[in-house]
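Only one structure is covered here, and it is reproduced in the block below.
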Amino acid sequence: MPTYVELGNDELAALKDRLEREHAEIKARGLSLNMARGKPAKAQLDLSMPLLETITTLEDCVSTDGTDCRNYGVVDGLPEAKALMASMLDDDPENVIVCGNASLNIMYDALARCWSFGTLGSTPWSKLETVRWICPVPGYDRHFGVTEAFGIEMIPVPMTDEGPDMGEVESIAAFDENVKGIWCVPKYSNPGGITYSDEVVRRLASMVCAADDFRIFWDNAYCVHHLFDDAAEQDQLLDIGHACVEAGNPDRYFKFASTSKVTFPGAGISALAASPANVVEIKKRMGVQTIGHDKLNQLRHVRFLKDAEGLAAHMAKHAAILRPKFELVNRKLEESLADVGGCSWSKPRGGYFVSFDAPESTAKRIVALAKEAGVTMTGAGATFPLKQDPRDSNIRIAPTLPPLEELDEAMDVFACCVKLAYAEHLLA
Ligand code: PLP
C-alpha cells in the first residue's frame with residue numbers, strides 16, 4: 001500500500017471523503033471517551049482499598065519510634081516512612097524528607113525556596129534579572145506550568161532515546177549563569193517513556209555549570225511503574241545522587257517521588273531526597289511552613305506496602321491491569337496507521353503514556369477532530385513549554401483510565417482523526 005504522500009490528489013480526495021463520512025458517523029454516536037490525563041483506572045484504585053483498614057485502633061496510631069501519630073510534629077517524616085520512600089528514591093533514609101500528598105507540590109516548594117532565599121548561600125533567584133531553565137521536550141506539562149508561573153524563561157531541548165540531548169544541555173548550562181535548573185523525568189518519562197542512559201546521568205552530574213546553584217529537578221514519578229514483571233524487561237536507572245557525588249557536585253540535585261500512582265493520587269505520600277547539606281537547609285525552611293505532614297497516612301502506606309519487595313509485588317498488580325491497555329494502543333496504531341506514513345509512537349516498558357508524533361502541522365487538528373467525535377485527548381502542544389510545539393506534531397496518549405473496551409473504541413476514533421487530518425493537510 002502506498003503511504004499518503006505517495007497518493008495522487010484524486011485518490012487522496014476520495015480517501016478524505018471516505019474519512020469525513022466515517023468521522024461524521026462516529027460523531028453521530030455521541031461518544032464521551034477520555035484519553036487526556038494519566039490517571040489510574042478504578043480497578044487500580046481498588047487494589048489499595050486495604051490500605052484504609054490499616055489504622056482502626058489506638059495502638060495502630062503509634063509509629064515504630066513510639067510517636068503518637070495523631071498529634072503534631074515530625075517535620076521530616078516517620079522513620080519507617082523514610083525507609084519506604086528511600087527505597088523508591090534509591091537513597092538512604094537519612095537523606096529523605098517525607099512530605100504531603102503530592103510531589104508536584106514539593107517540586108513547586110523546592111523552586112519557591114530557591115526563588116525566595118537562594119540555596120546554600122546563593123543569591124535568591126527572584127533577585128536576578130532573568131532566570132532560565134532547561135526543559136527536555138516533549139515533557140510534563142505541569143513542570144512547565146511551574147516554571148512558567150515563576151516567570152522563568154524555558155529553553156526546550158529535544159529528548160533522544162537516552163534522555164535529553166546532552167550536547168545541547170551542556171552548552172546551555174556551561175555558558176549562562178542564569179540557567180538555574182533542568183526538569184528531568186528520568187525513568188519511563190512523561191510522555192516518551194524513555195529512561196535516561198547511564199551516560200546521560202553521568203553527564204548531567206558532571207557537566208560544567210556556569211551557575212554554582214544549578215539544580216537538577218529529578219522527578220522520579222515512575223520509578224517503580226514497570227509494565228513487565230521480568231527484570232530483563234524492566235528499565236534500570238543510575239542514581240543521580242551517587243553520580244553527583246562521584247562527579248564532585250554533591251549538592252546539584254533534588255530527587256522527588258510519590259505514591260500517587262501506587263495507591264491513591266491526591267491521597268498518597270510524597271518525598272524528596274537530597275544531599276545532607278540540602279536536607280539541613282530544606283528542613284530549616286520547611287519547619288517554618290509546617291509543623292509536620294500527615295503521619296497517619298505515612299503509617300497507612302508503610303503498613304500496606306511494607307518495603308521495596310511489598311511495593312514491587314503491589315506494582316506487579318498494577319502492571320497486570322495496564323499492560324493489556326498499552327498493548328492494545330500499540331496494536332491499534334500499527335493496524336490502522338502502518339500504511340499511512342508520517343506517524344511514529346513510543347512503545348514504553350513502563351510509566352503512564354504513549355507519545356505519538358503525528359505528521360507535522362496536524363496535531364492540533366487531530367485533537368480538535370477527536371474532540372468533535374467525543375474523544376478528549378491532552379491538548380496538542382501541552383508537552384512543550386508555553387504549549388508551543390514548533391512542529392505541531394506531538395500528542396500524548398494516556399491509556400490508563402478508560403476500561404479496555406472504551407480504549408479500543410477511542411483508539412479507532414483517534415486513528416480516523418489522524419488519517420483525516422493528514423489527508424486534509426496534504427490536500428491544502
Ligand atoms: N511528575 C510526573 C512526571 C507526573 O507525570 C505526574 C502526574 O502525572 C506527577 C509528577 C504528579 O505527581 P504527584 O501526584 O505526586 O504530584
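The values are calculated or read from the model by the stated rules, or taken from the named source; none is laboratory data. Just so you know, these numbers come straight off a predicted model, no measurement behind them. Positions of Cβ are backbone-derived with ideal geometry, glycine not excepted, and every protein chain shown enters the neighbour counts.
Just a yes or no: is a residue in the range 68-77 in the same structural domain as L227 (by TED's automatic domain parsing), among the aliphatic types (A, V, I, L, M), over 24 Å from the mean Cα position of the chain (by Cα) and within 19 Å of H301 (Cβ to Cβ)? Walk me through how you get there before you give the answer.
Here is the first cut: in the range 68-77, the residues in the same structural domain as L227 (by TED's automatic domain parsing) are 68-77.
After this cut, where a residue has to be among the aliphatic types (A, V, I, L, M) as well, the list is 74-75.
When the remaining residues are screened for being over 24 Å from the mean Cα position of the chain (by Cα), the result is 74-75.
Okay, now just the ones that are also within 19 Å of H301 (Cβ to Cβ), so 74-75.
Yes, because at least one residue in the range 68-77 is in the same structural domain as L227 (by TED's automatic domain parsing), among the aliphatic types (A, V, I, L, M), over 24 Å from the mean Cα position of the chain (by Cα) and within 19 Å of H301 (Cβ to Cβ).
Restrict the check to the range 386-407 and report whether at least one residue is farther than 28 Å from L7 by Cβ, without any contact (Cβ under 8 Å) to a residue 40 or more places away in the chain and of a type in the set (D, E). Lay out the reasoning, then the answer.
Looking only at the range 386-407, we keep the residues that are farther than 28 Å from L7 by Cβ, and these are 386-388, 396, 398-407.
Of the ones still in play, those that are also without any contact (Cβ under 8 Å) to a residue 40 or more places away in the chain are 388, 405.
Those still in the list that are of a type in the set (D, E) too: 405.
Yes - at least one qualifying residue is present in the range 386-407.
Residues to consider are V169, V146; find the one that is surrounded by 15 or more Cβ atoms within 10 Å (Cβ to Cβ) and either under 16 Å from F384 (Cβ atoms) or polar (S, T, N, Q) (or both). Before the answer, list the steps.
Details: V169 fails: either under 16 Å from F384 (Cβ atoms) or polar (S, T, N, Q) (or both).
When all the criteria are applied, what remains is V146.
Is it true that some residue in the range 339-359 is part of a loop (DSSP other than H, G, I, E, B), without any contact (Cβ under 8 Å) to a residue 60 or more places away in the chain and either assigned by TED's automatic domain parsing to the domain that holds I194 or more than 28 Å from K42 (Cα to Cα) (or both)?
The first filter runs over the range 339-359 and keeps only residues part of a loop (DSSP other than H, G, I, E, B), leaving 339-343, 346-349, 351-353, 358-359.
Those left that are additionally without any contact (Cβ under 8 Å) to a residue 60 or more places away in the chain: none.
Taking every residue of the range 339-359 in turn, none turns out to be part of a loop (DSSP other than H, G, I, E, B), without any contact (Cβ under 8 Å) to a residue 60 or more places away in the chain and either assigned by TED's automatic domain parsing to the domain that holds I194 or more than 28 Å from K42 (Cα to Cα) (or both).
Counting residues that are within 16 Å of the ligand (Cβ to nearest atom) and not assigned by TED's automatic domain parsing to the domain that holds N394, which helices (runs of 4 or more DSSP H) fully inside the range 113-214 reach at least 1? Write out each step before concluding.
Values: elements: 141-149, 166-175, 198-206.
Hits in the range 113-214: 141-149.
Residue pairs, Cβ under 6 Å, 6 or more apart or interchain, first in the range 249-276 and farther than 30 Å from I321 by Cβ, second acidic (D, E) and modelled with pLDDT of 95 or more. List them.
Listed pairs, sorted by first residue: S275/D251.
Give the range 69-93 a look and list any residue that's under 21 Å from L237 (Cα atoms) and away from the ligand (no atom under 16 Å from the Cβ), or say none.
From the range 69-93, those under 21 Å from L237 (Cα atoms) are 82-93; that's our starting set.
Those that are under 21 Å from L237 (Cα atoms) and away from the ligand (no atom under 16 Å from the Cβ): K82, A83, A86, S87, D90, D91, D92, P93.
Just to verify a result, which residue in the range 36-80, among those that are over 28 Å from A312 (Cβ atoms) and surrounded by 11 or more Cβ atoms within 10 Å (Cβ to Cβ), is modelled with the lowest pLDDT? Can you show your working first?
Initial filter on the range 36-80 (over 28 Å from A312 (Cβ atoms)): 36, 57-59, 66, 68, 70-73, 75.
Still in the running and surrounded by 11 or more Cβ atoms within 10 Å (Cβ to Cβ): 36, 68, 70-71, 75.
Details: A36: 91, D68: 98, R70: 98, N71: 98, V75: 98.
Only one residue fits best here, namely A36.
In this structure, does N105 turn out to be at pLDDT 95 or above, more than 16 Å from the ligand (Cβ to nearest atom), surrounded by 14 or more Cβ atoms within 10 Å (Cβ to Cβ) and of a type in the set (S, T, N, Q)?
No.
When only residues in the range 364-379 that are in contact with an Asp or Glu (Cβ under 8 Å, 6 or more places away or on another chain) and within 22 Å of A24 (Cβ to Cβ) count, which is surrounded by the most Cβ atoms within 10 Å (Cβ to Cβ)?
Filtering first and then ranking leaves R365.
How many residues does the range 393-424 contain that are surrounded by 18 or more Cβ atoms within 10 Å (Cβ to Cβ) and more than 23 Å from K39 (Cβ to Cβ)?
Matching residues across the range 393-424 total 8.
Before we move on, is A210 surrounded by fewer than 16 Cβ atoms within 10 Å (Cβ to Cβ) and out of contact with any Lys or Arg (no Cβ under 7 Å at 6 or more places or on another chain)?
Values: surrounded by fewer than 16 Cβ atoms within 10 Å (Cβ to Cβ): yes; out of contact with any Lys or Arg (no Cβ under 7 Å at 6 or more places or on another chain): yes.
So A210 passes the test.
Restricting the range 245-261 to residues that are more than 10 Å from the ligand (Cβ to nearest atom) and surrounded by 24 or more Cβ atoms within 10 Å (Cβ to Cβ), which is farthest from A102 (Cα to Cα)? First the steps, then the outcome.
Of the range 245-261, the ones more than 10 Å from the ligand (Cβ to nearest atom) are 245-255.
Subset that is surrounded by 24 or more Cβ atoms within 10 Å (Cβ to Cβ): 252-255.
Numbers: R252: 22, Y253: 19, F254: 15, K255: 14 Å.
Out of the qualifying residues, it is R252.
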